[in-house]
Amino acid sequence: MVLQVVKFRHHFRQRFSPLSNFLVCKFTTSPPPPPPPPSSPPSSGHFITTPIFYVNAQPHIGHLYTSVVADTYHRYRKLQRPTEGEGGLPPIFSTGTDEHGMKIEKAAKKEGLPDGKTILHCDKVSKSFRDMTQQFSIDCTDFVRTTEPRHFKAVSHFWEKLHDQGHIYKSEYQGWYSIADEAFIPESNLIEKVDGKGGTIKVSEESGHPVEWTKEENYIFKLTKFLPDVSHWIKTCNPIKPEKFADILLRWIDEGFEDLSVSRPKSRLSWGIPVPKDDTQVIYVWLDALVNYLTVAGYPDKLNQWPPTLQVVGKDIIKFHGIYWPAFLMAAGLEPPKEILCHSHWTIDGKKMSKSLGNVVDPFELGKTYGTDGLRYFLLREGTPQSDANFTEEKMRRMLNAELADTFGNLLSRCSGKLVNPGQKWPDWDHQNFPDALGQHGTALKESLESLPDKVETSYNEFIFYRGLEHIMTTIRLANLYVEDTKPWALAKTAPSDPVLLSMLSLVFETLRITSILTFPVMPNLSSSVLDRLNVAPTERNWASLKNFIWEKQEASDRSLGPVHNVLYKRIRL
Ligand code: MSP
């Protein structure tokens with residue numbers, strides 16, 4: 001056992017030490033990667049995570065956004081690799097709730113719960129997050145709570161590992177602590193603010209939250225020792241997306257960090273996991289929370305998969321995920337994540353949504369009016385990883401009416417209605433007559449469809465979902481132009497067998513098939529209902545089927561439409 005650890009440390013230093021020129025992440029395509037370290041399992045399925053949500057307040061659309069970004073990528077990966085994990089390691093997609101710490105304890109007290117009953121508050125709010133996950137079709141494979149015994153076990157074990165290997169020491173620690181951020185804030189990141197009583201208070205420049213001077217005996221993690229390795233990992237493995245956040249992390253590292261306090265005296269913080277073998281101290285909530293990603297992988301028993309392939313986080317928590325987390329993992333001898341996607345925030349009138357500002361937007365209410373897939377679509381169509389997006393209901397209403405009702409839904413109803421399509425058929429491709437019958441608009445649409453899957457794939461691979469959706473909408477708009485030009489409602493009466501009409505119906509249904517598979521990761525329910533109406537078999541709802549274009553098929557097949565549906569997306573009126 002001892003020998004294994006020593007060997008592993010050696011291997012690990014080789015992989016991550018800046019002094020080494022042997023780097024596993026350089027070899028993503030060829031030559032083949034070196035054998036995994038002894039304690040790592042093979043990593044076959046993907047492993048995607050969302051941050052776990054604080055239970056001090058109810059879910060808002062910012063939380064939903066993080067979840068939808070992760071879910072969309074997870075669903076996209078499953079479309080691309082439907083058999084991934086079969087007979088091996090199934091994909092993991094985890095989410096959950098972060099339930100320890102002072103601010104949770106305070107929230108429970110504010111609700112009138114006595115000491116010892118904080119868990120009742122956690123149960124209630126955690127359930128709201130679970131409800132959000134279910135109602136908005138977040139297809140997670142695990143929902144972890146930091147108050148679960150399996151997590152307690154993982155955190156205690158992880159702590160002992162860091163401690164036993166000499167990466168944690170006990171010392172007096174003093175500094176400015178922000179309860180809202182659950183972090184010590186360096187003096188250089190503080191500003192003075194008028195407190196409303198004629199005086200001033202110190203607040204964190206980044207979050208605006210007040211800090212209080214704290215002097216206490218703590219356990220300290222030797223963060224500074226790992227910073228060169230973290231910096232090296234960021235520079236050579238390129239895990240942080242978009243790159244602007246990698247630059248920010250590297251700048252922070254250059255500016256310098258101190259070693260990190262990783263416990264609080266129990267007298268100050270009782271709602272947490274006790275430090276093993278020293279129950280006068282409680283483990284720092286961020287160390288506790290980050291270990292959730294190990295908990296869902298099965299730690300400390302045999303890991304089902306490691307490392308995570310994609311971790312989605314908001315920009316406010318990139319320091320914890322891009323610096324502390326890889327440092328903790330390296331110290332414990334575990335590989336850091338392959339990719340971290342950092343997204344920007346939703347604002348209201350230019351201000352970050354937050355409970356303290358009282359400007360939070362409730363996803364459940366919006367879901368009732370705009371549909372849960374409608375809200376998912378808007379969040380990804382308007383939100384970007386690069387910069388903040390401002391939320392207004394008016395903008396959302398206009399966009400959903402224009403794109404889902406008037407463009408996507410309209411295309412389906414125009415070609416599947418009984419007037420235009422009394423036989424309820426998707427005409428087979430007539431190789432002899434259709435090419436000439438397509439006309440200018442039909443030919444342009446066909447060309448657009450041929451290149452669409454690749455364009456969307458590129459955008460989704462870069463997590464630029466709005467651009468993928470933009471390409472899809474452009475193609476659907478072309479299809480609507482084509483329908484208007486062809487006037488099927490007139491042809492259906494006068495010349496129902498005319499190749500101009502039949503080729504148009506065939507091509508438009510093909511457009512709907514392709515665009516529904518492409519939008520499926522973003523709005524799984526609406527896209528599925530289009531695919532049901534088109535009678536597309538479940539086995540053909542995947543990425544590989546996208547390019548089985550109907551005009552390349554040689555054999556005829558029975559193509560009856562599926563059962564009639566309600567209108568795909570009803571216009572929202574004020
Ligand atoms: N509990 C920590 C995360 C621990 S992960 C080991 C936490 N929780 S949180 O509830 O405050 O935030 C969870 C996620 O929601 C973060 O990714 C955060 O960026 C995101 N959002 C919170 N407000 C947001 C917006 N206004 N806009 C977009 N995302 C936002 O941090």
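Pulled fully out, how much extra length does the chain show between Glu187 and Thr494, if you take 0.36 nm times their separation in residues and subtract their Cα-Cα distance?
Gain on extension, Glu187 to Thr494, equals 102.5 nm.
Pairs Lys425/Lys570; Lys319/Lys352; Lys106/Lys319; Lys117/Lys266: which exceed 20 Å Cα-Cα?
Those over the limit are Lys425/Lys570; Lys106/Lys319.
Pop out the carbon and sulfur fraction of the accessible area of region 393-560 as a percent, whole number, probe 1.4 Å.
51 percent
Too long at a 19 Å Cα-Cα cut-off: which of Lys78/Lys302; Lys202/Lys315; Lys418/Lys493; Lys161/Lys222; Lys244/Lys338?
Lys78/Lys302; Lys202/Lys315
Going by Cα centres, region 68-132 and region 266-326 are how many Å apart?
Their Cα centres are 14 Å away from one another.
Sorting check: for 509-519, 361-371, which peptide has the highest mean count of neighbouring beta carbons within 10 Å, and how do the rest follow?
Most protected by this proxy first, the peptides run 509-519, 361-371.
From Cα pairs below 8 angstrom and at least 6 apart in sequence, can you work out the relative contact order of the chain, rounded to a whole percent?
Relative contact order, the chain: 15 percent.
Within a Cβ distance under 11 Å of Lys222, other residues only, what is the Lys/Arg minus Asp/Glu net charge?
Result for the local shell: -1.
Between helix 524-533 and the chain, what is the angle of the helix's C-alpha long axis to the longest principal axis, kept within 0 to 90° and rounded to the nearest 10?
20 degrees
Using only protein heavy atoms and a 1.4 Å probe, report how much of Cys122 is accessible, in Å² to the nearest 10.
0 Å²
Name the residues whose placed amide hydrogens come within less than 5 Å of the amide hydrogen of Ile240, ignoring near sequence neighbours (fewer than 5 apart) on the same chain.
So Ile240 has HN proximity to Ile340.
Given the -39500 (n - 2.57) contribution per DSSP H run of 4+ residues, what per-residue ellipticity at 222 nm results for the chain, rounded to the nearest 500 deg cm²/dmol?
Dividing the helical sum by the residues of the chain leaves -13500 deg cm²/dmol.
Between region 450-507 and region 144-223, how many Å separate their Cα centres?
That distance is 54 Å.
At 1.4 Å probe size, with every protein chain present, just tell me what the per residue accessible area of region 393-560 comes to in Å².
For region 393-560, the per-residue accessible area is 42 Å².
Pop out the carbon and sulfur fraction of the accessible area of region 90-228 as a percent, whole number, probe 1.4 Å.
Of all accessible area on region 90-228, carbon and sulfur atoms account for 52 percent.
Reachable aspartates and glutamates from Lys170, Cα under 17 Å, same-chain residues fewer than 8 places away excluded?
Straight-line reach from Lys170, under 17 Å: Glu160, Glu216, Glu217, Glu258, Asp259, Asp278, Asp279.
The values are calculated or read from the model by the stated rules, or taken from the named source; none is laboratory data. It should be emphasised that the depicted structure is a prediction, and the values quoted were computed from it without experimental measurement. Ideal geometry is used to build each Cβ from the backbone, glycine not excepted, and the neighbour counts take in all protein chains shown. All accessible areas refer to the heavy atoms of the entire protein, side chains included, with ligands and DNA or RNA removed. Shrake-Rupley method; radii C 1.70, N 1.55, O 1.52, S 1.80 Å.
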